[in-house]
Amino acid sequence: MLSSATHGGRRGGRKHVSPAELTERTQVSHSDEQLQSVLETLEGCRKVLNEINSRESAELLSIVILDVRMKLKGIDSADLKALCDEMLRNAGSEPPPPSKQTQDQPRRPLLRVVK
């Protein structure tokens, strides 16, 4: 019965899926569900740690949360390093963000209504 499973949405272009491939997909799906459940639990724990002002522990847990998210999205360490390197290169060429004092002050309107 498993060997009759099909894959694909093209009419007439259906491909038979082997039992081994079907089992592998099911295992990956189950693994993703488990990781998603773990992620939700970790995020709840981090929230509690932040509420009780345990910042260092919450920050450490954030690293674990990032690792689980990367696994769920299929991002490896090399991809993350490449992203960080690119962000650092771009940060050197962009003007610094406005200071907190500048952000709190009301801005002048860029356009004026002329009658």
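Cβ-Cβ under 9 Å, sequence separation 6+ or interchain: first residue in the range 30-47 and within 12 Å of Lys73 (Cα to Cα), partner assigned to a helix (DSSP H, G or I). Which pairs? Here the result reads Asp32/Lys71; Asp32/Leu72; Leu35/Val68; Leu35/Arg69; Leu35/Lys71; Leu35/Leu72; Gln36/Val68; Gln36/Leu72, each pair linking the range 30-47 to a residue that is assigned to a helix (DSSP H, G or I). Going by the conditions given, is Glu40 modelled with pLDDT of 95 or more and either under 17 Å from the mean Cα position of the chain (by Cα) or not in a helix (DSSP H, G or I) (or both)? It is true that Glu40 is modelled with pLDDT of 95 or more and either under 17 Å from the mean Cα position of the chain (by Cα) or not in a helix (DSSP H, G or I) (or both).
Arg108 fulfils the conditions (1) surrounded by 10 or more Cβ atoms within 10 Å (Cβ to Cβ); (2) at pLDDT below 95 except for a single criterion, (1).
Within the range 48-73, the set of residues being surrounded by 12 or more Cβ atoms within 10 Å (Cβ to Cβ) and part of a loop (DSSP other than H, G, I, E, B) comprises Ser54 only.
The values are calculated or read from the model by the stated rules, or taken from the named source; none is laboratory data. Worth saying up front: this structure is predicted, and the values here are computed from it rather than measured. Methodologically, a virtual Cβ is constructed for each residue, glycine included, from the backbone with ideal geometry; neighbour enumeration extends over all protein chains shown.
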